[in-house]
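The structure under discussion appears below in the form of structure tokens.
All of the numbers you see were taken from the coordinates with simple rules; none came from a lab. Just so we're clear, the structure is a prediction, and the values are computed from it rather than from any experiment. Positions of Cβ are backbone-derived with ideal geometry, glycine not excepted, and every protein chain shown enters the neighbour counts.
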Amino acid sequence: MRSDLRRLLDAAGQAAKEAAWLGLRRRRTSATYYMARDGSFDQAVGGIDDGIMVEALYDGQFAYAATPDMTPEGVAKAAASALASAKAAAGRGVHRFDASVRPATGARYETPRVRKAATAPDGVFGFLLASCGALKSSDEIIQTTSLVEAGRYDYEIVSTNGADIEQTLYYLGTSLQAVARRGDVVQLRTANGPRGLTRQGGWELLDTETLLKEASRVGTEAVELLGADTCPSDRRTLVLMPDQMMLQIHESVGHPLEIDRILGDERNYAGGSFVKASDIGSLRYGSDLMNISYDPTVPGELASYGADEIGNLAVKQLIIKNGILVRGLGSLESQARAGVPGVANQRATSWNRPPIDRMANLNLEPGSTSLKDMIASVEKGVLMRTNRSWSIDDYRNKFQFGCEYGTLIEDGKLTKTVRDPNYRGVSSTFWRSLSAVGDRGTFAAYGTPNCGKGEPNQVMFVGHASPVCAFSDVEVFGGGK
């Protein structure tokens, strides 16, 4: 396909001869989605989306035009439109760019897969129906839901200064959910959150034996919660499992550190940030135990890739080191504008959207404490699993998060299950209370396939990995049914 894209780049060049630089980004997306509810077929959806974004640089200004018409004539028309937009915006931009923010990168990346052949639809639905049966652990389970989604993204990028990038990303996700009711008490339990089990890889990720065991656990725990006491309301040590740490990292670290947000680009829609560009390099974000890495090189994590969509090569980099903020989450454009170090994370949701700063695999590095030792060190605490609800202000500062399942910790031991556990805090104050970080044995990776940002909206895949963590003196509370 590269030869075709090069031929189309030539057509774009003929139509936009005044451009200082031209680039083509082709994105092809194919996906299938299967769902069962209460042991019956619910839906099966599939589709393919394909097109090209043409980007032109003129007098320091980038502009875009997208087209599904991948003929030389269609691309030439888009190139002329992009150039016209760049000319209209020249001299009015927030920054004067040059082609250095579109490097001449050569890169190839493909998701490692063990099982490449897809499971036939009847086999997928066989699993979905069986998992609904496993979720239905009691007559008090009033609804069961099971889904499988799988797909691939193909990217190709070429440019007039020699960029040549091909990437193919494969993913598969599952979701298992049970709703239980006893009187006026209703409880939801899922396997690591809705769609949290979404990762890169092949059909080996549809491990039916393991997933059916998970479904049985989810159903049992949903019923268990019906008879549990409500989470107490006080201040105590909070222990978060990796499937809740995923949300904590995403909302209170990932979004506030996206440099385009710090610069104000997202203020009208997704909000701003409590972090200032001048904080990068000096802000005490968390305790000395806090080490956050941007790492799109992890095989199997949901947002792994070889280069971002402007050609910035992806390498692992620490964002927060020993609690100090050392770089932001912004690619070459944002780095040029803000004058701060960043990462390769300029990505787009589709061929008809321009790439913007998006967190990718954002991970909390493991520490040295075992889960057993962490629990033993807590006199009064609560362990929470699996996000259920979240609320955070426009500056990603004050937050309130709810979980599905809680367990009290008393005198160094896990004691009784509690329902409706919630906690609240302020981002940097909360992270400064980080008192213990689990070892590699507690480390787990999950995916967020529905992170929204940008106008018009862009929904992106994001990965987060973390060990179990403990935070001291946190406000926790119960509520809801």
Using a 7 Å offset from Cα along Cα-Cβ at D10, what residues in the range 44-58 end up with backbone N under 11 Å from the label point? none
Mean separation of Cα contacts under 8 Å (at least 6 apart) over the residue count of the range 2-227, i.e. the relative contact order in percent, is 22 percent
Explain nothing, just the number: relative contact order of the chain, from Cα pairs under 8 Å at least 6 residues apart, as a whole percent. 16 percent
Give the Debye-formula value of log10 I(q)/I(0) at each listed q (0.15, 0.19, 0.23 Å⁻¹), with one equal scatterer per alpha carbon of the range 389-481, two decimals each. -0.81, -1.26, -1.48
Is there a pair in K372/K413; K213/K372; K213/K416; K321/K398; K380/K416 whose C-alpha atoms are over 18 Å apart, and which pairs would that be? K213/K372; K213/K416; K321/K398
Order of W390, W351 from fewest to most other C-beta atoms within 10 Å? W390, W351
Project the alpha carbons of the range 252-361 onto their principal axes and report the range along each, largest first, in whole Å. 40, 35, 22
Take peptides 79-85, 464-470 and line them up by average Cβ neighbours within 10 Å, highest first, as a rough protection proxy. 464-470, 79-85
Compute and list, largest first, the equivalent-ellipsoid semi-axes of the chain from the alpha carbon gyration tensor, each √(5λ) rounded to a whole angstrom. 41, 28, 18
May I ask you to list the lysines whose Cα is less than 18 Å away from that of K116, ignoring any residue fewer than eight positions away on the same chain? none
Based on the alpha carbons, how large is the Rg to Rh ratio for the range 230-477 when Rh follows Kirkwood? 0.97
Return the whole-Å distance between the Cα centroid of the range 78-125 and the Cα centroid of the range 247-266. 21 Å
Classify the range 201-264 from the C-alpha gyration tensor, please: rounded if a/c falls under 1.5, else prolate or oblate depending on whether a/b exceeds b/c. oblate
